[in-house]
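The values are calculated or read from the model by the stated rules, or taken from the named source; none is laboratory data. None of the values given here were measured: they were computed from a predicted structure. Quick note on the areas: whole protein, heavy atoms, side chains included, nothing else; ligands and nucleic acids left out. Shrake-Rupley method; radii C 1.70, N 1.55, O 1.52, S 1.80 Å.
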Amino acid sequence: MNRVTSTEYDGPIGPVLLTFVDDALVRLDVAHGGIERARADISQRLGVVPDPDPGPGADLVAQLDEYFDGRRREFDVDLDWRFVRGFTRAALEATREIPYGEVAAYGEVAMMAGVARAARAVGTACAASPFSIVVPVHRVVRSDGSIGEYGGHPEVKQYLLSLESAAVASESLSEPV
């Protein structure tokens, strides 16, 4: 039997609920509607209420702190893909190839995922990602360079993109010429 746990993280973009099945992240939910609503949603999806336990999420919490401090470029956490199938998974896997501090258009990600004409499907995949931030769907933008809605919270997407851009700029300034 799998052990389902959750950890709350108070991030600069709001409260975050991290849910794990055993030691794999099954969902990272930026809980705009509140932690209890996020917990109810994941409980319904999994059919079990996660045990509050900071243990399985401790390493990811430390990585999130490093990310928001501009010191982490990618995440090292096992992912449980049970809620992601088919092209959605291919699109999300493709977003993991977008370098930190850079962006790619929905159409570019569709090509990376192997279906060149699936830009709209990439948008749907990004909106449905259970691994926001860890799988960097915030790095996917419209073809005209505008950022899009990001689940109704474009300010969060702008924050994440600005954070990464500032970290890259700061690093390039500190490199010897």
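From the coordinates of this entry, log10 I(q)/I(0) by the Debye sum over Cα atoms at q = 0.13, 0.14, 0.18 Å⁻¹ is computed, and it appears in [x] -0.66, -0.76, -1.21; [y] -0.69, -0.77, -1.10; [z] -0.56, -0.65, -1.08 under the label [x]. The mean accessible area for residues of segment 39-79, using a 1.4 Å probe and ignoring ligands and nucleic acids, is 57 Å² per residue. Per residue, segment 88-171 exposes 47 Å² of solvent-accessible protein surface, assessed with a 1.4 angstrom probe and all protein chains in place. Legend: translational diffusion of segment 79-177 by Stokes-Einstein, Rh = Kirkwood radius over C-alpha pairs, 25 °C, 0.890 mPa s; D = 177 µm²/s. Summarise the accessible area of segment 83-177 (1.4 Å probe, protein heavy atoms) by the percent that is carbon and sulfur. So the carbon and sulfur contribution to the accessible surface is 53 percent. The share of accessible area on segment 1-41 that comes from carbon and sulfur is 45 percent, using a 1.4 angstrom probe.
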